[in-house]
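In what follows, a structure is listed as structure tokens, so that the remarks can point back to it.
The values are calculated or read from the model by the stated rules, or taken from the named source; none is laboratory data. Being a predicted model, the structure only gives us computed values, none of them experimental. Cβ sites come from the backbone with ideal geometry, for glycine too, and all protein chains shown count toward neighbours. Calculation scope for accessible area: heavy atoms of the full protein, side chains included, ligands and nucleic acids excluded. Shrake-Rupley method; radii C 1.70, N 1.55, O 1.52, S 1.80 Å.
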Amino acid sequence: MSGRREFVCIRCPLGCNITVETENGGIKSITGNTCPRGADYVTKEMTDPRRTVTSLVRVRGGELPVVSVKTAGDIPKDKIADCIRALKGIELSAPVRIGDPVAENVCGTGVDIVAAANVGQA
Amino acid sequence: MKKDLVIIGGGPAGLAAAIAAKEAGVEDLLVLERDSRLGGILNQCIHNGFGLHTFKEELTGPEYAARYIEKAEALDIPCKLNTMVIDLAAEGGRKRVTVMNRQEGLYEIEARAVILAMGCRERPRGALNIPGYRPAGIYTAGTAQRYVNIEGRMPGREVVVLGSGDIGLIMARRMTLEGAKVKLVAELMPYSGGLKRNIVQCLDDFDIPLKLSHTVVDIKGKERVEGVTIARVDENSKPIPGTEEEVACDTLLLSCGLIPENELSESIGVAINPATGGPFVNESLETDREGVFACGNVLHVHDLVDYVSEESSQAGRNAAAYLQGALAGKGKAISLRAADGIRYTVPASIDVSRMGETQTVRFRVGSVYRDAALEVTCGGRVLKHIDKRVLAPGEMEQVVLKRSELQNIGNSESITFSVRTEKREV
Ligand SMILES: Cc1cc2nc3c(=O)[nH]c(=O)nc-3n(C[C@H](O)[C@H](O)[C@H](O)COP(=O)(O)OP(=O)(O)OC[C@H]3O[C@@H](n4cnc5c(N)ncnc54)[C@H](O)[C@@H]3O)c2cc1C
Ligand code: SF4
């Protein structure tokens, strides 16, 4: 069985169009990537697609009602929805600084959630 | 009040310009920002993908902004927040900046040089010409972004996005993650206006359909949006009868492009390039008004903040050189012509005697090209030929010219930027 899949690399804004030829479920060739990161991206995308997730959590006593947060690394794509759900119940107290821990090992991914903005006290 | 340098806008452009000017020796400077915090549009861009070029890591908007805000603080750069510039005028060699804030009321600052860094704003709905009532539930994507990301409120539950600009794409993902159902993104053009990586990460990842060559022809609902009618359009962007399709939704987001915010530039008489909506500038990012510089989204809309920072640092250094009398007297300017598929270039002219070792020229193409090339020519001579697999209006391109290349062009008055494609010959 041979096949072919088209990808757009998202590792940098260049957005290379990458073609992967497959044979017996394995990768036969990768073309179209400008740099090695593109090959790494499509290989991962075919086996274990991952994304960095950003969202918001509530802040008590802050100059703003919410603060943006992000996963400290990327998490499996199919855990994105669970991860967002897990953040819903969390409330932080101002002040919040960039890098402050928000949640550990989110949804068993081994990845932590950290604050991604500064929110001062009201 | 008198200042050597006034910077209008405290977004990434204004901050980078101020930092570079201060590092180049300008002590008497002031940043004016109408918002209550520095950072500009980045404060509401909570997604990651900023700073890949500059910091080699993927930061979120607020994280990227914080790096520059901290640097500006460390350099003791004075910034006035909640202060809006309402007029700009030239008086002899000086510039009169009229500002307003709650504490001090209305007053004037006399500046020797000014950097315009006001950013851009979204094209409002009025410009879109959709018939029907004006029910609640219609927002520009940026306004929705502000609601969701800064105020923590959701504008609606069932969403249609008109326009595939980056803000629209980012908001399609954002609202999906927050539990809304994004039904589709309709784009008038046969190609997307946003970055490809955003189409993959924001639409494909969540199976949100992107309908190219489609537009909204009707909005249903009197009090609140109840649905929209979309239709396919022909090559002239006219809806094709019989292709209408009704889509139920309570929210319509408009992401139909950004326009540089240039009321102040116009009030001081700066010439505006109709292709960008921003000022014409020379190699020093100086407008046709001496001592008035422009950078960032007020100059031309950027997709990447890294380039905004880089461009703005250059504007800051040049403003410093101008104040120090080091921006050498004008030689002969070579004009840059945008032809065959290129919409504009920034800068619009280069004075070789004032340029650095290299000069980055940024521009956008007018439509999508495959297996094409960018060419820079002078007379019949090709100065640069760069092969490109894909060129698209949504992605800014750049070419770096060396001084040595431009010193060789003799008496030519202009150099031409164009797209070469095989297809045109067929
Ligand atoms: C939704 C969205 C998503 C984006 N996503 C990405 C991305 O993923 N990666 C990336 O690299 N880039 C991204 N960008 C681009 C990047 O954010 C912008 O290019 C950058 O913010 C432009 O900086 P600026 O300083 O020119 O403008 P702005 O950030 O708009 O700052 C202009 C500032 O000037 C102030 N101002 C305006 N007029 C006045 C006045 N009269 N008086 C006083 N102050 C005034 C405004 O309040 C504002 O603070 C995105 C942009 C948007 C809008
Ligand atoms: S292949 Fe390399 S250059 Fe191309 S988009 Fe991916 S990371 Fe960027």
- Can you pull the percent of Cα pairs in segment A:2-47 with separation above 15 Å? 32 percent
- Report Rg/Rh for the protein assembly as shown, rounded to two decimals, where Rg is the Cα radius of gyration and Rh the Kirkwood radius. 0.97
- Accessible-area composition of segment B:124-256, carbon plus sulfur, in percent [1.4 Å probe]: 50 percent
- Direction-averaged shadow area of the convex hull around the Cα atoms of segment B:368-422, nm²? 4.2 nm²
- With Cα coordinates, the longest principal axis of chain B makes an angle with the long axis of helix B:305-323, in degrees rounded to 10, of 30 degrees
- Prolate/oblate/rounded label for segment B:274-426 (Cα gyration tensor, a/c 1.5): oblate
- Query: To the nearest 20 debye, what is the magnitude of the charge dipole of segment B:330-426 about its Cα centre, counting +1 on the Cβ of each Lys and Arg and -1 on the Cβ of each Asp and Glu?
  - Reply: 180 debye
- Message: Do any residues of segment B:164-179 show a loss of at least 20 square angstrom of accessible area between the isolated chain and the full protein assembly, using a 1.4 Å probe, and if so which?
- Response: B:R174, B:L177, B:E178
- Note on the structure: Expressed in nanometres to one decimal, the distance between label points 7 Å along Cα→Cβ at B:R381 and B:E226 is 6.9 nm
- In segment A:43-60, which residues become less accessible by 20 Å² or more once every protein chain is in place, relative to the chain on its own, using a 1.4 Å probe? A:R51, A:T52, A:T54, A:S55, A:L56, A:R58
- Over chain B, with neighbouring protein chains present, the accessible area per residue in Å² at probe 1.4 Å is 42 Å²
- Query: Tell me, what is a quarter of the convex hull surface for the C-alpha atoms of chain B, in nm² with one decimal?
  - Reply: 22.3 nm²
- Would you mind giving the average projected area, over all directions, of the Cα convex hull of chain A in nm² with one decimal? 8.7 nm²
- Item | Separation of alpha-carbon centers, segment B:354-371 and segment B:81-114, rounded to whole Å | 34 Å
- What are the semi-axes of the equivalent ellipsoid for segment A:69-112, taken as the square roots of 5 times the Cα gyration tensor eigenvalues, largest first, in whole Å? 19, 12, 8
- Can you figure out the FRET efficiency of A:A81 with B:I259, using R₀ = 51 Å and their beta-carbon distance, to the nearest 0.05? 0.90
- Query: Long-range amide H contacts for B:G193: which residues qualify at under 5 Å (H placed 1.01 Å from N, peptide plane, sequence gap of 5 or more or a different chain)?
  - Reply: B:S164, B:G165
- Item | Full-stretch length increase - B:S237, B:D87 - with 0.36 nm per residue and alpha-carbon distance subtracted | 50.2 nm
- Cα-based shape type of segment B:161-228, given that a ≥ b ≥ c are square roots of the gyration tensor eigenvalues and the cut on a/c is 1.5: oblate
- Note on the structure: Checked segment B:276-329 with the C-alpha gyration tensor, a ≥ b ≥ c its square-rooted eigenvalues, rounded below a/c of 1.5, otherwise prolate if a/b is larger than b/c and oblate if not; verdict oblate
- Message: Show me you know the interface measure: the accessible area buried between A and B, both chains summed, probe 1.4 Å, in Å² to the nearest 100.
- Response: 2600 Å²
- Message: Give me the percent of accessible area attributable to carbon and sulfur for chain A, probe 1.4 angstrom.
- Response: 49 percent
- Task: State in Å² the accessible area per residue of chain A; use a 1.4 Å probe, count heavy atoms of protein chains only, and round to the nearest integer.
- Result: 50 Å²
